[in-house]
Amino acid sequence: MIDKRVKNVEEAIAGISDGMTLILGGFGLCGIPENSINALVESGVTDLTCISNNAGVDDFGLGLLLQKKQIKKMIASYVGENAEFERQMLSGELEVELTPQGTLAEKCRAAQCGIPAFYTPAGFGTEVAEGKETKEFEGKMHILEHAYKADYSIVKAWKGDHAGNLIFKGTARNFNAPMAGAGKITIAEVEELVAPGELDPNEIHIPGIMVQRIFQGEKFEKRIEQRTVRKRD
């Protein structure tokens, strides 16, 4: 067994430098690699291309990197609750590529599986299809989408072991699972890091072969993007 553990978040992100492309897990504010993002902010790395479902909010998640102008290009499925993301996009300060959510997930999964490209009907007839190859299948037009090419994937898991096997919890599984292994190097930030054999093999979502570095995060905030509660009777 190869021990994938690193001592801390600083060691986990070692090697990430200016101009690199990163894939970052999470759905809204759920399941984002909080410690890793904070460490990237502190590192001062810049000119990043970030691929994520969205860019968090102004003062949390990828929004922190946007505030510091460390992201050159953002590839996401929607702008979300981030006013700074919207401002930079409309002002032309930030290059933005909006991608249908399912296509974004599949482009990650394709990279994870070593599939160079695939056809999808999503986006045909819209700006998404501009400049892309198209082909008809069973009477329906599809566009050719290429798998992402990223230097690092950074994911957040509920539990992991020394070998890099991962278990996600709830909504956090949505994008973290297909993003693990989609970059040349995958960093896994986990809430609980256990010894080999402690995870039930039947519950593992991502095998350790897809992970190169793993560490236990700390002080997770787990913010709620939009809190809605029922009025008391």
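The values are calculated or read from the model by the stated rules, or taken from the named source; none is laboratory data. Bear in mind that the values here come from a model prediction, so they are computed numbers and not experimental data. Here the Cβ is made from the backbone with ideal geometry for all residues, glycine too, and neighbour counts use every protein chain on show. Ligands, DNA and RNA are excluded from the accessible area calculation, which covers all protein heavy atoms including side chains. Shrake-Rupley method; radii C 1.70, N 1.55, O 1.52, S 1.80 Å.
Compute the Rg to Rh ratio over segment 119-181 from the alpha carbon atoms, using the Kirkwood formula for Rh, and round to two decimal places.
Values: Rg = 16.9 Å, Rh = 14.5 Å.
When Rh is taken as the Kirkwood radius, the ratio is 1.17.
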Estimated D of segment 151-196 in µm² per second, where Rh is the Kirkwood radius over Cα pairs and Stokes-Einstein applies at 37 °C, 0.692 mPa s: 312 µm²/s
Percent of Cα-Cα distances greater than 31 Å, calculated over the chain: 23 percent
Burial ranking of peptide ranges 197-207, 11-21, 69-79 (average Cβ count within 10 Å, highest at the top): 69-79, 11-21, 197-207
184, 156, ranked by accessible area, largest first (probe 1.4 Å): 184, 156
Bridge type composition, the chain - antiparallel percent by DSSP, nearest 5: 30 percent
Peptides ranked, highest mean first, by Cβ atoms within 10 Å: ranges 26-39, 88-101: 26-39, 88-101
Lysines whose Cα lies under 30 Å from that of residue 231, excluding same-chain neighbours fewer than 8 positions away: 169, 222
For segment 69-226, accessible area per residue (1.4 Å probe, heavy atoms of protein chains only), Å²: 51 Å²
Set of lysines near residue 73 by C-alpha distance (under 25 Å), chain-local residues within fewer than 8 positions excluded: 107, 132, 149, 156, 184
Anchor residue 135: aspartates and glutamates whose Cα lies under 19 Å away (excluding residues fewer than 8 positions away in-chain): 106, 127, 145
Under Karplus coefficients 6.51, -1.76 and 1.60, residue-wise ³J(HN,Hα) of segment 98-108 in Hz, glycine/proline x: 8, 10, x, 4, x, 5, 4, 4, 6, 5, 6
Dmax and Rg, reported as Rg then Dmax, of segment 22-153 (C-alpha, Å): 15.5, 52
Only Lys, Arg (+1) and Asp, Glu (-1) charged, at Cβ; the chain dipole about Cα centre in debye: 300 debye
Accessible carbon and sulfur surface of segment 52-167 relative to its total accessible area, %, 1.4 Å: 49 percent
Compactness of segment 1-87, expressed as Rg and Dmax over alpha-carbon positions, Å: 12.9, 48
